[in-house]
1. Can you tell me which condition B:Leu242 does not meet? The list is (1) surrounded by fewer than 20 Cβ atoms within 10 Å (Cβ to Cβ); (2) assigned to a helix (DSSP H, G or I); (3) more than 8 Å from chain A (Cβ to nearest Cβ), and all the others hold.
2. Just the residues that are open to solvent by less than 40 Å² (accessible area, probe 1.4 Å) and of a type in the set (Phe, Trp, Tyr), please, taken from region B:115-161.
3. Would you confirm whether or not region B:56-75 contains a residue that is in a helix (DSSP H, G or I), closer than 30 Å to B:Glu310 by Cα and β-branched (Val, Ile, Thr)?
4. For the subset of region A:95-116 comprising residues that are out of contact with any Leu (no Cβ under 8 Å at 6 or more places or on another chain) and of a type outside the set (A, V, I, L, M, F, W, C), which member is farthest from A:Thr11 (Cα to Cα)?
5. Condition (residue is assigned to a helix (DSSP H, G or I), away from chain A (no Cβ under 11 Å), out of contact with any strand residue (DSSP E or B) (no Cβ under 9 Å at 6 or more places or on another chain) and not polar (S, T, N, Q)) applied to region B:186-199: is it met by at least one residue?
6. If you scan region A:84-95, which residues turn out to be open to solvent by 20 Å² or more (accessible area, probe 1.4 Å) and either among the hydrophobic types (A, V, I, L, M, F, W, C) or over 19 Å from A:Glu22 (Cα atoms) (or both)?
7. Go through A:Gly138, A:Gly82, A:Gly151 for me and flag whichever is on the phi > 0 side of the Ramachandran plot and over 18 Å from the mean Cα position of the chain (by Cα).
8. Take the residues in region B:206-239 that are without any contact (Cβ under 8 Å) to a residue 24 or more places away in the chain and at the interface with chain A (Cβ under 9 Å from one of its Cβ atoms); name whichever of them is surrounded by the most Cβ atoms within 10 Å (Cβ to Cβ).
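The values are calculated or read from the model by the stated rules, or taken from the named source; none is laboratory data. Here the structure is a predicted model, which is why all the values come from computation and not from measurement. Positions of Cβ are generated from backbone atoms using ideal geometry, with glycine treated the same way; all protein chains shown enter the neighbour counts. SASA here: full protein model, heavy atoms, side chains in, ligands and nucleic acids out. Shrake-Rupley method; radii C 1.70, N 1.55, O 1.52, S 1.80 Å.
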2 protein chains.
Amino acid sequence: MIIDCHGHYTTEPKDLHRFRKEQIAAANAKDKTALPSRASLKMSDDEIRESIEQNQLKLQRERGTDLTIFSPRASGMGHHIGDESISFEWSQICNDLIHRVCALYPKNFIGVCQLPQSPGVPPKNSAAELERCVKELGFVGCNLNPDPSGGYFNSPPLTEKWWYPFYEKMIELDVPAMIHVSGCCNPAMHTTGSYYLNADTMAFMQLILSDLFKDFPTLKLIIPHGGGAVPFHWGRFRGLALNNGRPELDEIIKNNIFFDTCVYHQPGINLLTDVVPVENILFASEMVGAVKGVDPKTGFNFDDTKRYIEKAPRLSDADRAKIFEGNARRVYPRLKTKATVKAAV
Amino acid sequence: MIIDCHGHYTTEPKDLHRFRKEQIAAANAKDKTALPSRASLKMSDDEIRESIEQNQLKLQRERGTDLTIFSPRASGMGHHIGDESISFEWSQICNDLIHRVCALYPKNFIGVCQLPQSPGVPPKNSAAELERCVKELGFVGCNLNPDPSGGYFNSPPLTEKWWYPFYEKMIELDVPAMIHVSGCCNPAMHTTGSYYLNADTMAFMQLILSDLFKDFPTLKLIIPHGGGAVPFHWGRFRGLALNNGRPELDEIIKNNIFFDTCVYHQPGINLLTDVVPVENILFASEMVGAVKGVDPKTGFNFDDTKRYIEKAPRLSDADRAKIFEGNARRVYPRLKTKATVKAAV
């Protein structure tokens, strides 16, 4: 079985965009009476089916993957837009939509939620939505935004007490978080080109010099996009850890930090699988996501990362089985109760 | 000949730190009368000699490198501290100190300057100090800070007209710039662990989607630390460029963007030299810099990057000659007039 731990619903029904546009306009106008109503949303099952069958499901079948851990469009979370109430309404709508996809295709998709974060608002305020998504919708994790400002990195580091109540809820529910920023409103950074990768690198560096995992030994965090710059600079990060009296990175990350395989060329995946312990790598493609289209040099889609894993020279078949399935089952423990949860919904 | 294009004077005489501490205290107190005087600085030639001979020069000899393109401590530039006048005074002092090192060891060091940048101050205001350093001190380049705020990335992208007058001066003087941030005052980021790399990645993404090099076909920019996250995500950046109607990265960077080799492990250098054209790679170690000490797995210093270049399997002897010397002579044209300039000083 091949589990893709990083897929976003980037082909949403049109009316969701209409709603969001109106919601943003109202939020910016500070005229809450003009907010669109949730009841106004028109997204039929047929429309959802078509958007999935022509895209994510088609690609799953073509590429031979089985289950996508599926969440709302990351760049669309837009935590910097409006206030907490706007973020809350939008997050619930997006999460409910993911739930509909998962209910229509229970064998192919399982949900991960976006959180109602907002700049300056304590992360503990997101705990209730996480609980709703896990307990009522059968979701198995969440995307946690380390920079709700959308590009100015002015939140406390992930290792600060500010985040602890939210981690407590994650542990209570036995779910991991993928550390994932949203769309960038800072003109200096490109959302999928530099901002995503920079947030990944920032998060890793915060974590390795901290005692966070002493406080939360079972906390599991996935750093997407192959860990940003980290594997390429594994020697730099090893050296900085050792110079700061920390152990080797392999030891630091062992039970707590995982990288996905959203790295869109063979040499990158070769490096990732060469330096990062195989137990800490989760298969992912981020499709349909950041980089669409065919690589003219290979003839295959840039984001068809399964091919790169299959060709990575250092990996044994047992290693590939861990990356494709075993590690995901360990990091997302609720995957194993999937059938039960789905039946109960 | 082996030219290291990225070395900082990180072993400065003690009194420089005393001066800076007093200068910062005065800047924060907003009491300019308390500013220390430049004349108060006590840094003897003997002290400079000892600091260099026990460190950078010793390492040059041990490792077998010949010439270091040498600049003030990057994390010490501190453009976010005080105002433009503070930055100007501090930059001149640091640059003059580099000049003294280069005058004492003209065969081993050649200068690159720090610029008197300050948040919100137009980069054109740095043109005069660049000119002074090149024409009067014989320097061959500069370090240009894309984020003088020290970690909040609120400057216009490097491709904006805001920077153009400075680029015009660079071209007039025939010198390149290394894009290099300074110390980070944002608690979310670690200076050498995430901030430096994030600025590198940010800068590259700004450049590849722009027409900057149509406006300045001879502008040469070095992105340090192996290009941040870029080589590891070469497929992502290629895909994003192609999706935006741009050519292949090799073509975009050809005459204008160069990566150094400050990547502190063999797999990282292997990847760098595998994906980036050899013509766009400059040898560098950043020593004595971000990562001190011996890698317990190899028995050699993390930042002894010459070893990694020597062992990179894809490189021919001709490739290594380009990386070690040829490319630097092309990117820093004033290196060739070094002897003349030094004689004139």
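1. It is condition (3) that B:Leu242 fails.
2. Of everything in region B:115-161, those that are open to solvent by less than 40 Å² (accessible area, probe 1.4 Å) and of a type in the set (Phe, Trp, Tyr) turn out to be B:Phe139, B:Phe153.
3. In the first step, residues of region B:56-75 are kept if they are in a helix (DSSP H, G or I); the result is B:56-63.
Add one more test, that the residue is closer than 30 Å to B:Glu310 by Cα, and what stays is B:56-63.
Now restrict to residues that are β-branched (Val, Ile, Thr): none.
No - not one qualifying residue is present in region B:56-75.
4. Per the stated criteria, the residue is A:Pro116.
5. There is no residue in region B:186-199 that is assigned to a helix (DSSP H, G or I), away from chain A (no Cβ under 11 Å), out of contact with any strand residue (DSSP E or B) (no Cβ under 9 Å at 6 or more places or on another chain) and not polar (S, T, N, Q).
6. If we filter region A:84-95 for residues that are open to solvent by 20 Å² or more (accessible area, probe 1.4 Å), which is where we start, we get A:84-85, A:88-89, A:92.
Result: A:Phe88, single match.
7. Values: A:Gly138 fails: over 18 Å from the mean Cα position of the chain (by Cα); A:Gly151 fails: over 18 Å from the mean Cα position of the chain (by Cα).
Answer to the check: A:Gly82.
8. This residue is B:His233.
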